[in-house]
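First up is the structure itself, then whatever we jot down about it.
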Amino acid sequence: MALYLVGETLDRAKAHYRAKAGQLLQLMRGIYVDADDNPDELVRRHAVRIARYLYPNAYLSAASAVLLGPTSDGRLYLSGRRNRRTRLRSLEIVQNEAPPHPSLGQAVVDDGRGELHVPVSSIRQRFLEAFRLRSEHAASIDVNIRAALASRLVEEYRCPRGAADAIWALARENQWYREGEATERYLLQQPAAATTFER
(Lines give C-alpha, C1' and ligand atoms only; values in the text may rest on other atoms or scores of the structure.)
Protein backbone atom coordinates (compact mmCIF):
# COMPACT_ATOMS: atom_id res chain seq x y z
CA MET A 1 0.00 0.00 0.00
CA ALA A 2 1.49 3.31 -1.06
CA LEU A 3 0.70 7.00 -1.16
CA TYR A 4 2.27 9.10 -3.91
CA LEU A 5 2.71 12.88 -3.71
CA VAL A 6 3.70 14.60 -6.94
CA GLY A 7 6.91 16.52 -6.48
CA GLU A 8 7.92 14.47 -3.45
CA THR A 9 7.71 10.78 -4.30
CA LEU A 10 6.66 10.87 -7.94
CA ASP A 11 7.08 13.28 -10.84
CA ARG A 12 4.04 14.66 -12.64
CA ALA A 13 4.64 12.92 -15.97
CA LYS A 14 5.07 9.49 -14.41
CA ALA A 15 2.00 10.00 -12.22
CA HIS A 16 -0.10 10.90 -15.27
CA TYR A 17 1.20 7.93 -17.25
CA ARG A 18 0.61 5.41 -14.46
CA ALA A 19 -2.87 6.77 -13.75
CA LYS A 20 -3.77 6.53 -17.44
CA ALA A 21 -2.49 2.95 -17.47
CA GLY A 22 -4.74 2.10 -14.53
CA GLN A 23 -1.89 1.52 -12.10
CA LEU A 24 -2.64 4.57 -9.94
CA LEU A 25 -5.83 6.17 -8.65
CA GLN A 26 -5.84 9.95 -8.41
CA LEU A 27 -7.51 11.17 -5.20
CA MET A 28 -7.03 14.84 -5.95
CA ARG A 29 -4.48 16.96 -7.78
CA GLY A 30 -1.00 15.74 -6.86
CA ILE A 31 -2.17 12.87 -4.65
CA TYR A 32 -2.30 9.26 -5.87
CA VAL A 33 -2.51 5.74 -4.45
CA ASP A 34 -1.99 2.34 -6.04
CA ALA A 35 -5.13 1.33 -7.90
CA ASP A 36 -5.56 -1.86 -5.86
CA ASP A 37 -5.11 -0.15 -2.48
CA ASN A 38 -7.76 0.86 0.05
CA PRO A 39 -7.75 4.66 -0.43
CA ASP A 40 -9.85 5.39 2.67
CA GLU A 41 -7.40 3.54 4.89
CA LEU A 42 -4.41 5.23 3.26
CA VAL A 43 -5.67 8.79 3.63
CA ARG A 44 -6.47 8.22 7.31
CA ARG A 45 -3.06 6.65 7.95
CA HIS A 46 -1.18 9.43 6.14
CA ALA A 47 -3.52 12.29 7.09
CA VAL A 48 -0.81 14.48 8.59
CA ARG A 49 1.55 13.94 5.65
CA ILE A 50 -1.23 14.84 3.21
CA ALA A 51 -2.11 17.95 5.21
CA ARG A 52 1.53 19.08 5.23
CA TYR A 53 1.67 18.54 1.46
CA LEU A 54 -1.49 20.55 0.81
CA TYR A 55 -1.00 23.25 3.44
CA PRO A 56 2.71 23.55 4.30
CA ASN A 57 2.21 26.72 6.36
CA ALA A 58 -0.54 25.33 8.59
CA TYR A 59 -0.10 23.52 11.90
CA LEU A 60 -1.98 20.86 13.83
CA SER A 61 -4.38 22.35 16.33
CA ALA A 62 -7.22 21.45 18.68
CA ALA A 63 -7.74 17.68 19.08
CA SER A 64 -5.32 16.86 16.25
CA ALA A 65 -2.49 18.57 18.15
CA VAL A 66 -3.18 16.13 20.99
CA LEU A 67 -3.77 13.03 18.88
CA LEU A 68 -1.14 13.88 16.23
CA GLY A 69 -3.64 12.68 13.67
CA PRO A 70 -7.33 12.73 12.77
CA THR A 71 -10.13 12.16 15.24
CA SER A 72 -12.10 8.91 15.22
CA ASP A 73 -14.66 10.45 12.85
CA GLY A 74 -11.96 11.27 10.29
CA ARG A 75 -11.41 14.97 10.89
CA LEU A 76 -7.95 16.52 10.97
CA TYR A 77 -7.83 19.97 12.56
CA LEU A 78 -5.40 22.61 11.32
CA SER A 79 -4.89 26.32 11.83
CA GLY A 80 -3.49 28.45 9.04
CA ARG A 81 -4.00 31.54 6.95
CA ARG A 82 -7.73 31.14 6.37
CA ASN A 83 -10.80 29.03 7.04
CA ARG A 84 -11.19 26.12 4.63
CA ARG A 85 -12.36 22.53 4.42
CA THR A 86 -10.97 19.78 2.24
CA ARG A 87 -12.68 16.41 1.81
CA LEU A 88 -10.46 13.55 0.68
CA ARG A 89 -12.30 10.22 0.76
CA SER A 90 -12.82 9.33 4.44
CA LEU A 91 -10.67 12.26 5.63
CA GLU A 92 -11.87 15.81 6.17
CA ILE A 93 -9.25 18.49 6.79
CA VAL A 94 -10.80 21.32 8.79
CA GLN A 95 -8.70 24.48 8.89
CA ASN A 96 -9.51 27.64 10.80
CA GLU A 97 -7.74 30.98 10.77
CA ALA A 98 -4.74 30.98 13.09
CA PRO A 99 -4.40 33.66 15.76
CA PRO A 100 -1.94 36.46 14.95
CA HIS A 101 0.59 35.29 17.55
CA PRO A 102 0.30 31.51 17.88
CA SER A 103 2.22 29.55 20.48
CA LEU A 104 3.67 26.50 18.74
CA GLY A 105 5.68 23.43 19.50
CA GLN A 106 7.13 20.62 17.41
CA ALA A 107 5.99 17.02 17.24
CA VAL A 108 7.14 13.92 15.39
CA VAL A 109 4.60 11.76 13.57
CA ASP A 110 5.54 8.32 12.28
CA ASP A 111 2.95 7.19 9.73
CA GLY A 112 4.85 4.18 8.44
CA ARG A 113 6.69 6.15 5.78
CA GLY A 114 9.18 7.66 8.19
CA GLU A 115 9.19 10.38 10.76
CA LEU A 116 7.51 13.65 9.91
CA HIS A 117 8.33 16.77 11.95
CA VAL A 118 5.27 18.98 12.23
CA PRO A 119 4.37 22.18 14.08
CA VAL A 120 1.54 21.88 16.61
CA SER A 121 -0.25 24.33 18.85
CA SER A 122 1.30 24.41 22.31
CA ILE A 123 -0.51 23.09 25.37
CA ARG A 124 -1.43 26.66 26.39
CA GLN A 125 -2.90 27.38 22.98
CA ARG A 126 -4.75 24.05 22.82
CA PHE A 127 -6.38 24.86 26.12
CA LEU A 128 -7.50 28.26 24.83
CA GLU A 129 -8.73 26.62 21.61
CA ALA A 130 -10.95 24.37 23.73
CA PHE A 131 -12.93 27.39 24.93
CA ARG A 132 -13.46 29.22 21.64
CA LEU A 133 -17.09 30.11 21.00
CA ARG A 134 -18.97 28.53 18.09
CA SER A 135 -15.83 26.69 17.05
CA GLU A 136 -15.66 23.24 15.50
CA HIS A 137 -12.06 23.09 16.69
CA ALA A 138 -13.23 23.67 20.27
CA ALA A 139 -15.89 20.97 19.92
CA SER A 140 -13.19 18.47 18.92
CA ILE A 141 -11.66 18.75 22.41
CA ASP A 142 -13.86 16.60 24.64
CA VAL A 143 -14.13 16.83 28.42
CA ASN A 144 -11.42 14.20 28.94
CA ILE A 145 -8.89 15.97 26.73
CA ARG A 146 -9.76 19.28 28.37
CA ALA A 147 -9.21 17.85 31.84
CA ALA A 148 -5.90 16.27 30.79
CA LEU A 149 -4.67 19.59 29.33
CA ALA A 150 -5.62 21.39 32.54
CA SER A 151 -3.77 18.84 34.63
CA ARG A 152 -0.61 19.19 32.53
CA LEU A 153 -0.74 22.97 32.73
CA VAL A 154 -1.21 22.99 36.49
CA GLU A 155 1.70 20.60 36.87
CA GLU A 156 3.91 22.67 34.56
CA TYR A 157 3.15 25.98 36.28
CA ARG A 158 3.03 24.43 39.79
CA CYS A 159 -0.45 25.67 40.69
CA PRO A 160 -3.77 26.60 39.05
CA ARG A 161 -3.14 30.35 39.47
CA GLY A 162 0.24 30.05 37.75
CA ALA A 163 -1.36 28.12 34.90
CA ALA A 164 -4.16 30.68 34.57
CA ASP A 165 -1.65 33.56 34.45
CA ALA A 166 0.36 31.79 31.73
CA ILE A 167 -2.80 31.20 29.71
CA TRP A 168 -3.87 34.81 30.13
CA ALA A 169 -0.55 36.06 28.76
CA LEU A 170 -1.20 34.20 25.50
CA ALA A 171 -4.89 35.15 25.44
CA ARG A 172 -4.08 38.88 25.72
CA GLU A 173 -1.45 38.63 22.99
CA ASN A 174 -4.09 37.30 20.60
CA GLN A 175 -7.06 39.26 21.99
CA TRP A 176 -8.80 36.03 23.02
CA TYR A 177 -10.27 37.63 26.14
CA ARG A 178 -13.40 35.51 26.45
CA GLU A 179 -11.33 32.37 26.08
CA GLY A 180 -8.90 33.64 28.71
CA GLU A 181 -11.74 34.27 31.16
CA ALA A 182 -13.24 30.84 30.49
CA THR A 183 -9.94 29.03 30.97
CA GLU A 184 -9.26 30.90 34.21
CA ARG A 185 -12.68 29.95 35.61
CA TYR A 186 -12.14 26.33 34.62
CA LEU A 187 -8.69 26.11 36.19
CA LEU A 188 -9.59 27.84 39.45
CA GLN A 189 -12.88 26.02 39.99
CA GLN A 190 -11.44 22.53 39.68
CA PRO A 191 -11.00 20.41 42.84
CA ALA A 192 -7.26 20.42 42.15
CA ALA A 193 -7.20 24.20 42.50
CA ALA A 194 -6.13 23.92 46.12
CA THR A 195 -3.15 21.75 45.25
CA THR A 196 0.33 23.04 44.63
CA PHE A 197 2.60 20.72 42.71
CA GLU A 198 6.03 20.32 44.24
CA ARG A 199 9.02 19.33 42.15
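Qualifying trypsin sites (Lys or Arg not before Pro) in segment 1-84, where qualification requires a DSSP coil assignment and no more than 16 other C-beta atoms within 10 Å, comprise 29, 81, 82. For segment 1-50, list log₁₀ I(q)/I(0) at each q in 0.20, 0.22, 0.24 Å⁻¹, using the Debye formula over Cα point scatterers of equal strength and ignoring solvent, two decimals each. The calculated log intensity ratios at q = 0.20, 0.22, 0.24 Å⁻¹ are -0.58, -0.71, -0.84. Applying a DSSP loop filter and a limit of 14 other Cβ atoms within 10 Å to the trypsin sites (Lys or Arg not before Pro) in segment 98-178 leaves 113, 134, 158.
Would you mind pulling out the separation of the Cα centroids of segment 158-182 and segment 128-148, in Å? With segment 158-182 and segment 128-148 each reduced to a Cα centre, they are spaced 15 Å. Fully extending the segment from residue 165 to residue 23 would add 45.5 nm, taking 0.36 nm per residue of separation and subtracting the current Cα-Cα distance.
3J(HN,Hα) along segment 133-138, derived from phi through the Karplus expression 6.51 cos²θ - 1.76 cosθ + 1.60 where θ = phi - 60°, amounts to 7, 6, 10, 5, 5, 4 Hz, with x in place of Gly and Pro.
Taken about its Cα centre, segment 1-129 carries a charge dipole of about 480 debye when Lys and Arg each add +1 at the Cβ and Asp and Glu each add -1 at the Cβ. Helix 177-189 versus the longest principal axis of the chain: what angle, 0 to 90°, nearest 10, using Cα atoms? It is inclined by approximately 60 degrees. Against the main long axis of the alpha-carbon atoms of the chain, helix 143-157 sits at an angle near 60°.
Between 98, 128, 149, the Cα set farthest toward the positive side of the dipole of segment 80-187 (charges on each charged residue's Cβ, about the Cα centre) is that of 98.
Of all the accessible heavy-atom surface of segment 1-125, with the other protein chains kept in place and a 1.4 Å probe, what percent is carbon and sulfur? Taking all protein chains in place, segment 1-125 shows 45 percent carbon and sulfur surface.
Calculated [222 nm] ellipticity per residue, helices only, for the chain: -12000 deg cm²/dmol; basis is -39500 (n - 2.57) per DSSP H run with n ≥ 4, divided by all residues, nearest 500. Mean sequence separation of contacting Cα pairs (under 8 Å, at least six apart), scaled by the length of the chain, corresponds to a relative contact order of 14 percent.
The values are calculated or read from the model by the stated rules, or taken from the named source; none is laboratory data. Predicted, not measured: the structure shown is a model, and the values here were computed from it. Quick reminder, even Gly has a Cβ in these numbers, built from the backbone with ideal geometry, and neighbours come from all protein chains shown. Side chains are part of the model used for accessible areas, which takes the heavy atoms of the whole protein and leaves out ligands, DNA and RNA. Shrake-Rupley method; radii C 1.70, N 1.55, O 1.52, S 1.80 Å.
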